[in-house]
């Protein structure tokens, strides 16, 4: 067994994973021990908890109808070990989501109550509540994959783990996204626009479904997405490392594990450093924490590149990967940040009506993917050339984009926690001072969620880039001849797939939102006393509508994402599947950021107007309507495409194995 000093290399990643899980468990236990003194807040939090539990239990039961069938197909086509790792990947993802969700739901109400005492205390509660998801996804991924690698001593069966994680993520993101945005749109259209009541007004029958949706969409969906990215990058890194055994020796196989361990430890230090930052605003604290995480990750990456591989070009490649994530964050702030020029222009256009708001937002959104794509192209090209045309350097860029995942996921989960806390405080009738302090945290959380989406898309694009190259290496394809009409046809087919997936998930959101709007209108009309506050709405009815419809609607996009590449690969062969893969990734890499940035810009333009206390005005109503258009773009279509892009790559690797290609 290879050693670092006297320590087996694989043991380092196992201990790192256990360390991360122990921290998450400790924080979760502390959170569960706390008691909520406000009976009103406890009641509201109870509604949210029941809604989340109902949705997740139904979602798991629904997904379990599909998973055994897929496991059986894998068993007979690829053997028992790939089927076993598929099951591990699938269920590890679901366990991680469940743990993170439990923490987020508890942290919601604790943050709301802590805001009464101190905004800083509320900030720390939301921060460490979100970190439980961040530590869980990284810890469980690296631990389980390390153990599986010890068992098999061969990375190829682990492709099943990546596929299982991708499948769970797709269903979690599509189902959760449809749930949260249909509830949000329904609540806004009737409540904010037609009835002119506040966003989290307890009189709105869809308000609890909206708060539940923040958890199952933004928190669970993003967690499953980043779990998938983190896992896929270790697996593809292992597969590519097989090619470099002769150059670097067996230790190269531990490169992905050790590098991800560096990122995990860096995130732990960065998150806990925020605790000791005094008199810093929340956004400043997040920025400083990210800088600390980045510095430690860069230093650790240098040590890995020097002492494990003795190759400086690999360190440069890792650094370029980190730079890609930082540039993507800057681009998101530029095009969708609360105080950005683009958002101010969109808000100003709202004075002339919703049409000009949307047109202005779309124009900026169409421009926004360019800078990130350019940075990815530069990073990959420079790393490849500087390393002497080494595929391992591109893997290093890819894992470099992952090194901040634990920190980024913490910042992302912070968003729905503060959003829910703000809603709970407002529904509980807390003072304007408390609600305002939580709204400020929610604003920070909204910015962090936008950055996370951008980060995830950039990281996912590089991951898909590596998946394509890994697939080509496995099947022995060197080139794709675009002058051949057959190759070109499958490239165009691949480009069309993300448009089809987007159409399905946005249409599903609209269908579900229609039913929510009808139900909310019905309750306002038939339940006397809702507007006066004398009667309580039927929250459960809206929760039931969003749950049933979101779970039903998530299947078709998932089936298409799996069946199409399987059909093309089996019937037409690896050259056709390679062409399809190129087209699908190219289309998604541009369409995904457009959805994310455009939707976020609409949302922040609305918030910018609300800060000016122009609620209920003509421009505010225009911004709210535009935001309802942007919601399914940024929270359903964009994240779903990101997972689709990686899922189709993992399916392609499975097809390559099915056709008996191997790197060994």
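Just so you know, all these numbers are worked out from the coordinates, no wet-lab data involved. What you see is a predicted model, and the numbers here were worked out from it, not measured in a lab. Backbone-built Cβ (ideal geometry, glycine too); neighbour counts: all protein chains shown.
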For the chain, longest principal axis from Cα atoms; helix 9-33 axis from its Cα atoms; angle between them, nearest 10 degrees, is 10
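For residue 352 and residue 548 in the same chain, what is the full-extension length gain: residue separation times 0.36 nm, less their Cα-Cα distance, in nm?
Stretched fully, the residue 352-residue 548 segment lengthens by 66.7 nm.
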Residue span residue 370 to residue 310: 0.36 nm per residue of separation minus Cα-Cα distance leaves a gain in nm of 18.1 nm
Packing-ranked peptide list from 429-436, 535-542, highest mean Cβ count within 10 angstrom first, is 535-542, 429-436
Percent relative contact order for the range 105-168, counting Cα pairs under 8 Å at least six residues apart, stands at 19
For the range 140-232, the Cα gyration tensor yields equivalent-ellipsoid semi-axes (√(5λ), largest first, whole Å) of 41, 10, 7
Semi-axes (Å, rounded, descending) of the ellipsoid equivalent to the range 234-359 per its C-alpha gyration tensor are 40, 21, 10
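Of all the Cα-Cα pairs you can form in the range 525-567, what percent are over 16 Å apart?
For the range 525-567, the share of Cα pairs beyond 16 Å comes to 61 percent.
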If one compares the long axis through the Cα atoms of helix 539-553 with the longest principal axis of the Cα atoms of the chain, the angle in degrees, nearest 10, works out at 30
For the range 1-154, shape from the Cα gyration tensor axes a ≥ b ≥ c, cut at a/c of 1.5 then a/b versus b/c, turns out oblate
Computed over all unlike Cα pairs, the Kirkwood hydrodynamic radius of the range 343-401 in Å stands at 13.9
With a Förster distance of 56 angstrom and the Cβ-Cβ distance between residue 571 and residue 29, calculated FRET efficiency to the nearest 0.05 equals 0.60
Reduced to Cα centres, the span from the range 384-428 to the range 593-655 in Å works out to 18
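Figure the gain on full extension for residue 118 and residue 334 (residue separation times 0.36 nm, minus the Cα-Cα span) and round it to one decimal in nm.
Additional length available on full extension: 74.6 nm.
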Protection proxy (average C-beta count within 10 Å per residue), highest first, orders 66-73, 213-220, 139-146 as 213-220, 139-146, 66-73
Checked the range 42-124 against the a/c 1.5 cut and the a/b vs b/c comparison, axes a ≥ b ≥ c from its Cα gyration tensor; verdict oblate
Residue 193 and residue 61 label points (each 7 Å along its Cα→Cβ direction) are spaced in nm at 3.4
Expected sort for 91-102, 626-637 on mean C-beta neighbours within 10 Å, highest first, is 626-637, 91-102
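To make sure I understand, if each residue's beta carbon is the centre and we count other beta carbons within 10 Å, what order do 335, 179 fall in, fewest to most?
Going from least to most buried by this count: 335, 179.
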Contact order relative to length for the range 251-301, counting C-alpha pairs under 8 Å separated by 6 or more residues, stands in percent at 48
Scoring the chain by relative contact order with C-alpha pairs under 8 Å, at least six apart, yields a percentage of 21
Taking a ≥ b ≥ c as the square roots of the eigenvalues of the Cα gyration tensor, with a/c under 1.5 meaning rounded and otherwise prolate when a/b exceeds b/c and oblate if not, the range 236-299 is prolate
Expressed in nanometres to one decimal, the distance between label points 7 Å along Cα→Cβ at residue 556 and residue 39 is 4.8
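Exposure proxy check: 329, 182, 301, 57 ranked by fewest other beta carbons within 10 Å?
The fewest-first ordering by Cβ neighbours comes to 57, 329, 301, 182.
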Exposure-ranked with fewest Cβ neighbours within 10 Å first, 346, 292, 480 stand as 480, 292, 346
Nearest 10, in degrees from 0 to 90: the angle of helix 119-152 to the longest Cα principal axis of the chain is 30
Per the 1/(1 + (r/R0)^6) rule, R0 = 35 Å and r from the Cβ atoms of residue 150 and residue 246, FRET efficiency to 0.05 is 0.90
